[in-house]
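To start, the structure under review is shown below, and the notes come after it.
The values are calculated or read from the model by the stated rules, or taken from the named source; none is laboratory data. Owing to the predicted nature of the structure, the values given are computational and were not obtained by experimental measurement. Heads up, the Cβs are rebuilt from the backbone with ideal geometry, glycines too, and the neighbour counts pull from every protein chain shown. Remember, those area values only see protein heavy atoms, side chains included, never the ligands or the DNA or RNA. Shrake-Rupley method; radii C 1.70, N 1.55, O 1.52, S 1.80 Å.
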There are 2 protein chains.
Amino acid sequence: MSPEPAATTGAVPRVTLADVAAHAGVSASTASLAFSGSGPVSDATKERVLAAADELGYAGPDPRARSLRRGRSGIVGVVLEERVRAAFLDPVKIQTLDGLAEGIASLGAGLLLFTDSGDPAAPVSLDTAPVDAVVLIGCSPKFFRQVEALQRRGIPMVAIEGAPGGDIPEITIDNREATRLGAEHLRSLGHEDVATVTLPFEASRARGPLTPEIESAATVDTAVERLRGARDVYPGIRAQVAAASSIEEGLEAGRALLADAATRPTAVIAQSDLLAAGVIGAAEELGLEVPRDLSVVGFDGIRVDGLQHDLTTLVQPSVAKGRAAGEAVVRMLSGQAAAGTDFTSELHVGETTAPPRA
Amino acid sequence: MSPEPAATTGAVPRVTLADVAAHAGVSASTASLAFSGSGPVSDATKERVLAAADELGYAGPDPRARSLRRGRSGIVGVVLEERVRAAFLDPVKIQTLDGLAEGIASLGAGLLLFTDSGDPAAPVSLDTAPVDAVVLIGCSPKFFRQVEALQRRGIPMVAIEGAPGGDIPEITIDNREATRLGAEHLRSLGHEDVATVTLPFEASRARGPLTPEIESAATVDTAVERLRGARDVYPGIRAQVAAASSIEEGLEAGRALLADAATRPTAVIAQSDLLAAGVIGAAEELGLEVPRDLSVVGFDGIRVDGLQHDLTTLVQPSVAKGRAAGEAVVRMLSGQAAAGTDFTSELHVGETTAPPRA
DNA sequence: CTGAAAGCGCTTACAG
DNA sequence: CTGAAAGCGCTTACAG
């Protein structure tokens, strides 16, 4: 015989606005007004209602009822399509999320995270959650069905880099043009033999030299566009695919690219700052000095924690992207139209690029 | 005269379950059953309802109405008390959040993030959000009022390392004992002259040598407890306070501690792995070799991206903490009692500790 | 400034 | 297996 649980929660007696009104001797309408402050109530009445609430232990209007009645829940959904720990390994995503929080601040709304929980049997379905709007970050078309359902329900949506389908406003950046800028910078320094380390081309995240097969199976636009930008300047550029955006992966790719002195490029275009930091690490392991022996260009413009170099990189407006998405959502919720935005990245010339050794 | 907006959103005509039912020629109850699948409906009827829904463009029951009626919203609130970018700089927090997502997976609930949006005028108030439960991560007592309101409403709460007030189950780890273990390891190797790099002691995040003033104004238990653990073994230990848990801060603190060869300790106890990585970097800058010239102990047991050393550290169960919180929430929501958990960390002896040079 | 009434859209006992 | 009725707890025109 096992003992009964010591105590159960949720046994709090439900007090409703009606109870409070009755206790205060006013109508429910008046009590409601006293709480919302959105109507004319005499101070005396208001105080009486608040006192009654206090006596009964009433904690304010039930958000569920309020949201049904008002048609708004005060919640904005954010879809990430990865596990929390994977999504937040990417500093750009974190900054974007931060900007988003800022962009919707005026709504006083919370951010409801939709991620892969690791339990395939328990998917939180986007379309049974009480959201006022949804922002998709880096999502694949696999959400098409749910996206469609949300659109039918009139829920405003915005996508940040991804192709969720539907006619959803998109927030994008100039991946190709920006990378081309970085490549041109290298060419203007005199580099002829340049290699690139790319982001994964698809979810399976193969690692190694880029093959036509990998390229034709690509689902990640960012990697493809940045590669195009590099090819605009160096058409036959050698490419090494990383399995993720991390220093560790950059190290591995860097080793693969730099190990053989005979085939060693004089410069590397990394598709992210983390990858660039790894490439620099690999160079240092081999006794190479950056930028004297190897030039390295990154992408993102984040501060890589612990990296001592001032990295030459394409600075993308990560926070602004999120904020723009948030502002678009706010606009749509107020009944206005909202369009996407295509942001521009800037070349920051730091101290990791220089002319090649003669 | 400015032009009208091109198009407004939200103009979708609202289709309700009643419309669908009418269209299918059944009652609302039956239509409801057809969607929820929780009652006996003939296949023929079900199909008719679904077909009607399709024709009318009905995307399924409105989550707001459903949550009012059912008394559950399917949302678990997570309070972080920082900006998104600050909170997610900490790998331990990310892992904890990941574990939490896992722990509540069976609920099929989403995680509603409450963070500082940067806009003080627009605080998302915890107590007007439709949450079924709330998990506080590293929160200060400043939430006491809201916490109380939630308790009055019978909303289950769990705290992970923090002192939100109230009689909320807490998930904690053995900060003091674990650090003591690390210190004992150093002592057993023969170290006499040991210093420590601590986490911030309060929100203002002063940086520099630890003073009695800083210590007495401490609000962050973690830093205090880990310091105590170090003092259990090295009572007069010299302490340098970092302004955050990062490699960069570890570098700074490391430089301060190691620059002067005359006062240089033979070992450093860092209160986080990121700080430890920074201390190692500082040592290497000075031409010191780890562990030959300096032993370094970390805390957390995360993989520091790009760190080449196998760090000696106290491995805390970050993911398990989150999962435990999630499971406690699930239990409470099913009406059972839930207690807190105090987790134990383990000493991992890597390759960054060795006997001091003779 | 206050109250009576309707209704937000759904689900759930309860009959049949 | 299906339907009629009540009600989740609130807010909002509408009268007064």
By accessible area (1.4 Å), largest first, A:LEU286, A:LEU112 order as A:LEU286, A:LEU112
Extend 7 Å from the Cα of B:ALA358 along its Cα-to-C-beta direction; within the stretch B:157-194, residues with backbone N under 16 Å of that point are B:190-191
GNM of chain A, Cα pairs under 10 angstrom: of A:VAL279, A:VAL329, A:VAL233, the biggest fluctuation goes to A:VAL233
What helix-only [θ] at 222 nm does chain A give? Using -39500 (n - 2.57) per DSSP H run of at least 4, over all residues, to the nearest 500, the answer is -11500 deg cm²/dmol
Residues other than B:ALA282 with Cβ under 9 Å of its Cβ, Lys/Arg counted +1 and Asp/Glu -1, net out at -2
For peptide A:61-74, the mean count of other chain Cβ atoms within 10 Å per residue Cβ is 6
Cβ-Cβ cut-off under 15 Å around A:LEU294, Lys and Arg +1, Asp and Glu -1: the net charge is -3
GNM on chain B, Cα springs under 10 Å; top mean-square fluctuation among B:GLY229, B:GLY71, B:GLY190 goes to B:GLY71
The stretch A:151-181 scanned against label point 7 Å out from A:ASP232 along Cα→C-beta; backbone N under 14 Å for A:173-181
Once the in-chain neighbours fewer than 8 apart are removed, the aspartates and glutamates whose Cα is under 18 Å from B:LYS46 read B:ASP19, B:ASP54, B:GLU55
With the label set 7 Å along Cα→Cβ, B:ALA203 is separated from its counterparts in the other copies, in nm and shortest first, by 4.1
Copies of A:ALA337 compared via label points 7 Å along Cα→Cβ give distances in nm, shortest first, of 6.2
By the C-alpha gyration tensor axes a ≥ b ≥ c (rounded if a/c is under 1.5, else prolate when a/b exceeds b/c, else oblate), the shape of the protein assembly as shown is oblate
1/(1 + (r/R0)^6) with r = Cβ-Cβ of B:ASP342 and B:ARG303, R0 = 30 Å, i.e. FRET efficiency to nearest 0.05, evaluates to 0.75
Quick calc: nm separation of the 7 Å Cα→Cβ label points for B:LEU286 and B:GLU177 -> 3.4 nm
Lys and Arg at +1, Asp and Glu at -1: neighbours of A:ASP273 with Cβ under 10 Å from its Cβ sum to 0
Measuring from the longest principal axis of the C-alpha atoms of chain A, the long axis of helix A:247-258 (C-alpha) lies at a number of degrees, nearest 10, equal to 20 degrees
Taking a probe of 1.4 Å and leaving out DNA, RNA and ligands, the protein assembly as shown shows per residue an accessible area in Å² of 43 Å²
Helix A:175-189 sits off the longest principal axis of the Cα atoms of chain A, rounded to the nearest 10 on a 0 to 90 degree scale, by 30 degrees
Across B:VAL158, B:VAL304, B:VAL319, the residue with the highest GNM fluctuation in chain B (Cα network, 10 Å cutoff) is B:VAL304
Buried accessible area between A and B, both sides, 1.4 Å probe, in Å² rounded to 100, is 5800 Å²
Expected integer from the mean partner chain Cβ neighbour count at 10 Å over A:337-346 is 1
As a percent rounded to 5, the proportion of antiparallel DSSP bridges among beta bridges in the stretch A:175-316 is 10 percent
Rounded to the nearest 5, the percent of DSSP beta bridges in chain A running antiparallel is 15 percent
With the label set 7 Å along Cα→Cβ, B:GLY154 is separated from its counterparts in the other copies, in nm and shortest first, by 3.3
Note to self: C-alpha centroids of the stretch B:167-230 and the stretch B:70-114 sit apart, in Å, by 27 Å
Pseudo-spin-label distance B:GLU55 to A:SER188, built 7 Å along Cα→Cβ, given in nm, is 6.5 nm
Between A:SER334 and B:THR219, the two model label points (7 Å from Cα along the beta-carbon direction) sit apart by a distance in nm of 3.4 nm
DSSP beta bridges in the protein assembly as shown: the antiparallel percent, rounded to 5, is 15 percent
Too long for a 28 Å Cα-Cα cut-off, among A:LYS321/B:LYS142; A:LYS93/B:LYS321; A:LYS321/B:LYS321, are A:LYS321/B:LYS142; A:LYS321/B:LYS321
Output ordering of B:205-211, B:93-99 (per-residue mean of other Cβ within 10 Å, highest first) is B:93-99, B:205-211
Ordering B:VAL296, A:VAL349, B:VAL315 by the accessible surface of their heavy atoms, 1.4 Å probe, largest first, yields A:VAL349, B:VAL315, B:VAL296
